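The values are calculated or read from the model by the stated rules, or taken from the named source; none is laboratory data. Quick caveat, the model's predicted, so the values are computed rather than measured. All Cβ positions, glycine included, derive from the backbone under ideal geometry; neighbour counts span all protein chains shown.
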Amino acid sequence: MTISAPAVKQRINSIDVLRGIVMIIMALDHIRDYLHIHGADEDPTNITTTTPALFFTRFITHYCAPIFVFLSGTSIYLQALRKSKKELSVFLLKRGLWLMLAEIVIVNLLMTFNPLYNFLILQVIWVIGLSMVLMAAIVFLPFRVIFWLAIVMVFTHNWFDRFSYPNPFQVPFWYGLLHQQSFFQYNKTHFAGVMYPLIPWVGVMMLGYCLGAWYQPNANALKRQKKLLYLGIAVIVFFIVLRYGNVYGDPSKWSFQPKGTIFTIISFINVAKYPPSLLYLCITLGPALVMLSLLERTRAGWTNIVSVYGRVPFYYYLWHFFLAHLITVIFFFASGKGTKDIIDVNVPFLFRPQHWGFPLWVIYLVWMGLIIVLYPICKRYDNYKMNNKKWWLSYL
């Protein structure tokens, strides 16, 4: 398949809306990290200690990273419709390097409020940037080669789980970057954590790139909606069948739980995110494809609001971390904590002690308030972007 001639830049509303939905949901997870009573000392996906409300609060946010990376690939294809491959490659290289630098310098500071950078967290913005650097070369490959490389990467990477290291601090640096979540100490006081290894995230971006072919200007919208719906349902069915077999696709097995049906369901859908297993990608990207189909037919006022967040994702991402952490500081002092409690060696975030926080209902209230506050901030920047063509706007 060949890419058509350059086209006029045009945003696709269904993509913006879906991206906006996941950006909104993402903030819930980070508010939980900062403010929930067990946000720093318990894993909400640990079936032995979690509650259904806490688990599903975490589970719903599983959709954010894969959908965002996937749609980043789709956006790359859409850019290819109006740029030469060389222009696109140069842009991806520069944008990717900028995102990697921004993750280290800006995002880490907003997340931790630690100007000494004692713990560098390399997560989704890092892996998107690194994937874009690779995409700068990948876009020169034939379309079918890109597709099958992505399929092989996504479907086979769990085979390498057998080589994973039991201690994340003993993982070789190269293997940590590629496949296993890992931590490194590079001097006496400074650590780094690779939370998002490259594989299979770059494969997810490549699949999103291939999906972009369905959004060419001359594509039949009704046929696209049907294909998205059928493919999404097929991926969900594939997840159910493969997960039920308990043979391949995720490091953990599901089992019937003595605590009841809801915990058996939790066990069934509790799949690995770090790195994202094949089953994790199926249960997140399958519904995403269905949503893309349904959103093309949706004409409602709420989509106009949600799409604002989706049109300025990186800008939103920076603001939401800053405001979420600022709110945490306010809650920290309001709850009676003092300067001696600002640093907890067990937690990478300042102003967030390990055994401190609030019930889940407080998390939801703060989350909704944060989303409301972020709307005019994002709306103003969105309007600025639409009315200005400055080069640096492509990087923020």
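Structure summary
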item: Of residues in region 311-336 being in contact with a helix residue (DSSP H, G or I) (Cβ under 9 Å, 6 or more places away or on another chain), more than 20 Å from GLY369 (Cβ to Cβ) and of a type outside the set (Lys, Arg), the one surrounded by the fewest Cβ atoms within 10 Å (Cβ to Cβ); result: PHE314
item: Whichever residue in region 182-191 is more than 24 Å from the chain's Cα centre (by Cα) and part of a strand (DSSP E or B) and, among such residues, is surrounded by the most Cβ atoms within 10 Å (Cβ to Cβ); result: HIS190
item: Residue that is touching a Lys or Arg at 6+ places or on another chain (Cβ under 9 Å) and either surrounded by fewer than 20 Cβ atoms within 10 Å (Cβ to Cβ) or small (Gly, Ala, Ser) (or both), where the choices are TRP302, TRP254; result: TRP254
item: Pairs where the first residue, in region 232-253, is under 14 Å from ILE269 (Cβ atoms) and the second is surrounded by fewer than 17 Cβ atoms within 10 Å (Cβ to Cβ) and of a type in the set (A, V, I, L, M, F, W, C), C-beta under 7 Å, 6+ apart; result: GLY249/LEU242
item: Some residue of region 260-283 being loosely packed, with under 15 Cβ neighbours inside 10 Å and not in a helix (DSSP H, G or I); result: yes
item: Subset of region 162-178 that is of a type in the set (S, T, N, Q) and assigned to a loop (DSSP other than H, G, I, E, B) - its residue that is nearest to GLY249 (Cα to Cα); result: SER164
item: Output for region 339-353, where each listed residue is among the hydrophobic types (A, V, I, L, M, F, W, C) and touching a residue at least 24 places away in the same chain (Cβ under 8 Å); result: VAL347, PHE349, LEU350, PHE351
item: Counted residues, region 138-161 - those being surrounded by 18 or more Cβ atoms within 10 Å (Cβ to Cβ) and under 16 Å from SER252 (Cα atoms); result: 2
item: Scan of region 341-396 for residues that are out of contact with any Lys or Arg (no Cβ under 7 Å at 6 or more places or on another chain), assigned to a helix (DSSP H, G or I) and under 20 Å from THR50 (Cβ atoms), ordered by number; result: LEU360, TRP361, VAL362, TYR364, TRP367
item: Every pair of residues 6+ apart whose Cβ atoms lie under 9 Å, when the first sits in region 44-72 and is closer than 12 Å to ILE266 by Cα while the second is of a type in the set (Gly, Ala, Ser) and part of a helix (DSSP H, G or I); result: ILE47/SER267
item: Qualifying residue in region 45-56 (condition: assigned to a helix (DSSP H, G or I), crowded, with 17+ Cβ neighbours inside 10 Å and touching a His at 6+ places or on another chain (Cβ under 8 Å)); result: yes
item: VAL171, sole failed condition from (1) of a type in the set (A, V, I, L, M, F, W, C); (2) at pLDDT 95 or above; (3) crowded, with 20+ Cβ neighbours inside 10 Å; result: (2)
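Here's the yes/no breakdown for (1) out of contact with any Asp or Glu (no Cβ under 9 Å at 6 or more places or on another chain); (2) assigned to a loop (DSSP other than H, G, I, E, B); (3) among the acidic types (Asp, Glu); (4) farther than 30 Å from ASN108 by Cβ:
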| position | (1), (2), (3), (4) |
| --- | --- |
| GLN180 | no, yes, no, no |
| VAL204 | yes, no, no, no |
| LEU207 | yes, no, no, no |
| PRO217 | yes, yes, no, yes |
| ILE240 | yes, no, no, yes |
| TYR244 | yes, no, no, yes |
| LYS253 | yes, yes, no, yes |
| PHE256 | yes, yes, no, yes |
